[in-house]
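Working notes, beginning with the structure itself.
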Ligand code: NAI
């Protein structure tokens, strides 16, 4: 059966079988942009993970204080801070997973694409360094617009000759977290039981929750589907507006990124049946990058889950077709950005 198990606790709520199994390994994680609104709480959650032995924090701003602060928590993981480009190489050396939340967040009235000009360059520069210094690491891209920054990262890795599509992810877990929360609230379900796959991309209407595939199976009226879909698509904007100029989602994003990391590490560690939605290179549709549920394993993505795209509702079929032109344009924009700079 397909389950996502990281739902109710800040640490992974793994299936009993995998909790009982002694852990073969622990892993080294680097966070680039660790001083930011997402980076700090994410680093705290990672510090709590029994699967992580070393946590390297990097930012252009000073992160030594954050590293010193976290290093006093009496969990086993070692924490070190690296500030400024000259220290990036040491930060990345030996990393198994590199998480990138570096970049500027939205303010009210902005779309994620409005961040492109600044964040495209930041992601390109950082992924160039990852390609040189941690070429076999899994890369989790959080920096927006994810629909474009993941193609940018892929193109950089290709140019460097180290692209492994199984290892590059756009983190869309927050869309799943929101879909689960909003559906549970709407239908009064026990939150830990709810799992909604979210496909497409990570911006506006490219975010497509498949409510017809939600577990537990839930009867929704057409109006309820439309209302919930819109709320999930606009969840980020809900937070941007409530923060009124002070940034976008950070705490829920940190929670979501920690869940995605934990699932990735369980996959690397050999756990079976680890599934998460993520924006990856994909053959499920005609688009080269697409978010869907994927099985995670020892080398990253083992397989996409095509079943989610079969037997969609009429509403979902139409929404899927409607999102494709925007998603394709965002992908092309990312690829063009790297190619023109060659
Ligand atoms: P923030 O501004 O609080 O933090 C960003 C951090 O990145 C800062 O500490 C900054 O010094 C650092 N930074 C900037 N340029 C850098 C570089 N070249 N190298 C290393 N560090 C650098 O922003 P916040 O709220 O943490 O958001 C970060 C990104 O995450 C934004 O692009 C935002 O849009 C995105 N985001 C993505 C979500 C998703 O679901 N994938 C959800 C929420 C935000």
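Rule-based calculations on the coordinates, nothing more; no lab input. None of these values were measured; they are calculated from a predicted model. Backbone-built Cβ (ideal geometry, glycine too); neighbour counts: all protein chains shown.
Here is how the numbers come out for the structure above:
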{"item": "Three-way shape call for region 204-342 based on the alpha-carbon gyration tensor, with the a/c threshold at 1.5", "result": "rounded"}
{"item": "Segments 332-339, 168-175, 133-140, 184-191 sorted - mean Cβ within 10 Å per residue, highest first", "result": "168-175, 133-140, 332-339, 184-191"}
{"item": "Part-to-part distance (alpha-carbon centres) for region 126-172 and region 310-342, which is given in Å", "result": "18"}
{"item": "Mean separation of Cα contacts under 8 Å (6+ apart) over length of the chain, as relative contact order %", "result": "18"}
{"item": "Amide N proximity, region 63-103 versus residue 118 label position 7 Å along Cα-to-Cβ, cut-off under 15 Å", "result": "101-103"}
{"item": "Gain upon complete extension [residue 128, residue 190; 0.36 nm per residue less C-alpha separation]", "result": "18.0 nm"}
{"item": "Fewest-first ranking of 330, 263, 93, using other Cβ atoms within 10 Å as the exposure measure", "result": "93, 263, 330"}
{"item": "Fraction of beta bridges assigned by DSSP in the chain that are antiparallel (%, nearest 5)", "result": "45"}
{"item": "Anisotropy class of region 54-125 from Cα gyration tensor, a/c 1.5 cut", "result": "prolate"}
{"item": "Per-pair calculated FRET efficiency, R0 = 25 Å: residue 223 and residue 322 via Cβ, rounded to 0.05", "result": "0.85"}
